[in-house]
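Beneath this line is the structure, given in structure tokens, with notes to follow.
Values quoted throughout were computed directly from the atomic coordinates according to the rules given, and no laboratory measurement underlies them. Bear in mind the structure is a predicted one, so any value in this text is a computation, not a measurement. Every residue, glycine among them, receives a Cβ derived from its backbone with ideal geometry; neighbour counts consider all protein chains shown.
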Amino acid sequence: MTKKFFGCAVLFLALTAAAASQGAGGKIVVADANSTHHLNLYVAFEKGLFKKRGLDVEIRQTSSGVAAVVGGEAQIVFNCPTAVITPIAKGQNITIIAQVKVPCTSVLVVPVNTPIKVPSDLKGLQLAGLSNTCCAVIAIRDTLKKDYNTEFVLSSLAPGAALAALESGAVKGAILEEPFVAEALLLKDAAGKPKYKTIFDGHSDANGDGKVEANLAGTNPPCRTINANKDFVRTRTQDAKDFVAAIDEADKIILKNPVAPDIVAIAHKYVPNVSEQAIINSNPKLGFRIKLDTAGLKGYAQALVNQGTIDRNPGDALFAPEFKGITW
């Protein structure tokens, strides 16, 4: 073997080893906004499930994750699907590769002494919610319009601010997601009694007639999705699949015992502004899975068409073809 050939061989082996140490195609940046709904991401990272597959994953905190993925600064974002459907419909460089969880856990939280007894009582009331394109807001609003000829007025507020508005009486109710629902239900009045309750969520009786009212958001509506830069999925398909496989393994760990001390500790590490008790109360409601609810997600797309946010429903074009047969 010549010295030149030997040198090239050594260089090739060194480069191969370096690539293997950080994933086949380099770092995978996940643009993340802290949420217990992304607990499977944190568990996969903290328990070494990405490294086990040779992936070098960086979780980078940002409030503009979808834009970062579209622009190529990040490869993956866990996000409410309605915020991803819009850029997909506009032909931007992002696609849906897997589900994060089902169902959506957002419900209507109201004071215990609320006069709201039936859905039509919501007509014209000021409610807090994340945005007009939030999955739960869309679903609840559509049901109220269709079945009760009723519409509320939305104050677009982040969960913490929405709860504060509810506390101050600025709104009559708030559409909150877990663990903020659990946090609200832990609040007590001066007499030590609960201040808030949930209604029209498929589990509660709003008017005291002994009957549980249907969930205004529907039956098991899909929640967040794992979304990726199209170029990343196309050029690093195996890395993308290995990433989702790690998430699938994390899902199984969480679902085995969602209130295990190590799982709660990981959730609290990434979402420290929420109490451990709220995390314990809400974790069992987070139905983590990678299988996409394609019908439900296409339904959200049609709702965005109906409200004029997008011009067309992309249908199956919402989903990465590389993941057909795997997550959809």
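Please give the Cα centre distance for region 230-276 versus region 65-89, rounded to the nearest Å.
Taking the Cα centre of each part, region 230-276 and region 65-89 sit 18 Å apart.
Relative to the longest principal Cα axis of the chain, at what angle does helix 159-168 sit, 0 to 90 degrees, rounded to 10?
Tilt of helix 159-168: around 20 degrees.
If r is the Cβ-Cβ distance from N93 to T309 and R0 is 25 Å, what FRET efficiency results, to the nearest 0.05?
Computed FRET efficiency for N93 and T309 comes out at 0.85.
Just to confirm the filter: which GluC sites (Glu not before Pro) across region 42-96 are DSSP coil and have at most 13 other Cβ within 10 angstrom of their Cβ?
Here no GluC sites (Glu not before Pro) fit, given the DSSP loop and packing criteria.
Which FRET efficiency value, to the nearest 0.05, do you get for K188 and T219 by plugging their Cβ-Cβ distance into 1/(1 + (r/R0)^6) with R0 = 25 Å?
Calculated value: 0.20.
Structure shown: which of K145/K188; K90/K197; K47/K298; K269/K324; K172/K291; K101/K230 lie over 31 Å apart, alpha-carbon to alpha-carbon?
Too far apart for the 31 Å limit: K145/K188; K90/K197; K47/K298; K269/K324; K172/K291.
What FRET efficiency do you get for E276 and E151 if R0 is 35 Å and r is their Cβ-Cβ distance, rounded to the nearest 0.05?
0.40
Run down the aspartates and glutamates and flag those whose C-alpha is under 16 Å from the C-alpha of K193, throwing out any fewer than 8 positions away in its chain.
Of all the aspartates and glutamates, those that pass the test against K193 - Cα under 16 Å, at least 8 places apart if same chain - are E167, E183.
Rounded, prolate or oblate: which fits region 96-222 when a ≥ b ≥ c are the square roots of the eigenvalues of the alpha-carbon gyration tensor, with rounded for a/c under 1.5 and prolate only if a/b beats b/c?
Rounded, because the longest to shortest axis ratio a/c is under 1.5.
Report, in degrees rounded to the nearest 10, the 0 to 90 angle that the Cα long axis of helix 294-306 makes with the longest principal axis of the chain.
Compared with the principal axis, the helix lies near 60 degrees.
Which ordering of F180, F50 is given by a fewest-first count of other beta-carbon atoms within 10 Å?
F180, F50
Would you calculate, for the chain, the mean residue ellipticity at 222 nm contributed by helices, counting each DSSP H stretch of 4 or more residues as -39,500 (n - 2.57) and dividing by all residues, to the nearest 500?
-12000 deg cm²/dmol
A98's amide H: which non-local residues (gap 5+, or another chain) put their own amide H closer than 5 Å, with H modeled 1.01 Å from N in plane and none for Pro or chain starts?
For A98, the qualifying residues are I226.
Find the Cα radius of gyration of region 159-314, compare it with 2.2 N^0.38 Å by division, and give the number to two decimals.
The reported ratio for this selection is 1.27.
Calculate how steeply helix 237-256 sits against the longest principal axis of the alpha-carbon atoms of the chain, using the helix alpha-carbon long axis, and give the answer as 0 to 90 degrees to the nearest 10.
Helix 237-256 sits at roughly 50 degrees to that axis.
Within region 103-124, what residues put their amide N at less than 12 Å from the label point 7 Å along the Cα-to-Cβ vector of N207?
116-122
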